[in-house]
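First the structure, in the form of structure tokens, and then the observations on it.
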Amino acid sequence: MIRFGTSGWRGVMGEEFTFHNVRVVVQAIANHLRKTYGDGPISVVVGFDTRFLSERYALEAAKLLARNRIEVFLAERDAPSQALAYQVIKRKCQGGINFTASFNPPRYNGLKFNVETGAPALPEVTDVIEEEIRQLMPGFSTLATHAPGESVSRIDFQADYLAFLQGKIDFGVMQAAKLRVAADLLYGTSREYLDEILEENGVEVESIHGYVDPYFGGVSPSCTEENLAELKAHVLETKCHLGVATDADGDRFGIVDEKGAFVHPNIILALLLDYLARVKGWRGGVARSVTTTHLLDRIARKHDLPLTKTKVGFKYMADLFLKGRIMFGGEESACIAVKDHLPEKDGIFAGLLVAEMIAATGRSLGGLREALFKEYGEMVSGERNLPLTPERAKRLKALIQNPPSKFGGRKVVSVETIDGLKLDFDEDRWLVLRLSGTEPLIRCYAEAETREAVEALLKKGLGAVK
């Protein structure tokens, strides 16, 4: 069964993710839009990333939507997910379809659906689309007729998105600080986006991997520490103040400090929240997912900012953003929501905001991290994964239904089950076990005051379902 997970529908190409299944899903979306908006005019933005066949899938989707009397704005070239979201908002479209598997390995592809607000579709929408898929799947076939040419327009995402970003970042402080940035574009959609906006604003940038490679250099296009070894070396070699990376569809970030050290997204989220609240004086709600650092809780308490906890998945942050309930939201998977920006993940914006923070404070990223720990205490995060099997799924389900009162020699002070199982211990230590929404994995997360304590929690967590 085709299902929408944490961020759209993803599958291995040639197995689950096939042209036939793509057509079924796109037709299901078309049916949903018709039922929602009636017989009036409907328009949809269609985009794609740099993966093998992504543009072909996008072309097929555009033709099928046009056959359904839906106007299509099709990207001229691969583009970041957030640039598509901006087009949905700007053109007042009823939806957006993006062909990307984000940070998944090259053998995967995926389809994301954004609603008319530009935000990722919530489960109440994707559940309806899945029901349409169930009804369509038996005996589904598409007509051989071509789509009317006037219903599909090729458009440029880049200029509008970069113009939108221009007013959101203080490039002047970067120029004054003579900031030098290394950018790892990871063979993805951020090329001529992240590097270009820095260059156009007089910020020195050293770019690597700024060309298309559907195999992403032989690694997953994810901003993990192991994948950013070349960026680390490049920062040191070129004596840059920081390194910024983005994943395949540009919506997640990876940060390397001036010494070539990878900085965990949790620390970046905490630094940015503290910067916005302390330096910029922002006030409003804060949100984090259940797998995100409790440093955000400490910062929110310090600045008297109300905190909301969400399931994993940026769509829940986007919902709070659209309701005006938060000025900042973060997920440990390198996703942020910031007031007056977009209801979609944006790794380019996040990286630029980190650069602004360094320039505006006049401190290195390492120095800012030290000051953060001195003020709020040091926390270390970790994650491990296990391949999902039916037996492991049963063990996890049993743990969720009957959570322990003690775990790994620690007393459990509270239990959360909004997304898998979260065990909270004293002094902001915690452990999460949950099913991945993007791959057949059980994910285990933990946070504690030392690396040793984190590793011990992760070992116990994996052992409980192994």
* First in segment 247-264 and free of Cβ contacts under 8 Å to residues at least 40 places away in the same chain, second anywhere and of a type in the set (Gly, Ala, Ser), Cβ under 7 Å, 6 or more apart -> GLY260/ALA233
* Asked: Within segment 76-92, which residues are surrounded by 24 or more Cβ atoms within 10 Å (Cβ to Cβ) and among the hydrophobic types (A, V, I, L, M, F, W, C)?
  -> ALA79, ALA83, LEU84, ALA85, VAL88
* Please go through segment 265-296 and pick out each residue that is small (Gly, Ala, Ser) and without any contact (Cβ under 8 Å) to a residue 60 or more places away in the chain. => ALA277, GLY281, GLY284, GLY285, ALA287
* Asked: Quick one: is ILE358 β-branched (Val, Ile, Thr), touching a residue at least 24 places away in the same chain (Cβ under 8 Å) and closer than 10 Å to ARG252 by Cα?
  -> no
* Structure fact -> Of (1) under 30 Å from GLU196 (Cα atoms); (2) assigned to a helix (DSSP H, G or I); (3) of a type in the set (S, T, N, Q), THR50 fails just (2)
* Output for segment 241-282, where each listed residue is farther than 24 Å from ARG51 by Cα, among the small types (Gly, Ala, Ser) and either touching a Cys at 6+ places or on another chain (Cβ under 6 Å) or surrounded by fewer than 24 Cβ atoms within 10 Å (Cβ to Cβ) (or both) -> GLY260, ALA261, ALA277, GLY281
* **Count of segment 97-132 residues which are more than 25 Å from LEU322 (Cα to Cα), surrounded by fewer than 23 Cβ atoms within 10 Å (Cβ to Cβ) and either acidic (Asp, Glu) or touching a helix residue (DSSP H, G or I) at 6+ places or on another chain (Cβ under 9 Å) (or both)** => 4
* Asked: Can you pull out the residues in segment 354-405 that are among the small types (Gly, Ala, Ser) and part of a strand (DSSP E or B)?
  -> SER381, GLY382
* Somewhere in segment 208-216, is a residue under 21 Å from PRO265 (Cβ atoms), assigned to a loop (DSSP other than H, G, I, E, B), modelled with pLDDT of 95 or more and touching a Phe, Trp or Tyr at 6+ places or on another chain (Cβ under 6 Å)? -> yes
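The values are calculated or read from the model by the stated rules, or taken from the named source; none is laboratory data. Everything quoted here is computed from the prediction, not taken from an experiment. A quick note on method: Cβ atoms are made from the backbone with ideal geometry, for glycine too, and the neighbour counts reach across all protein chains shown.
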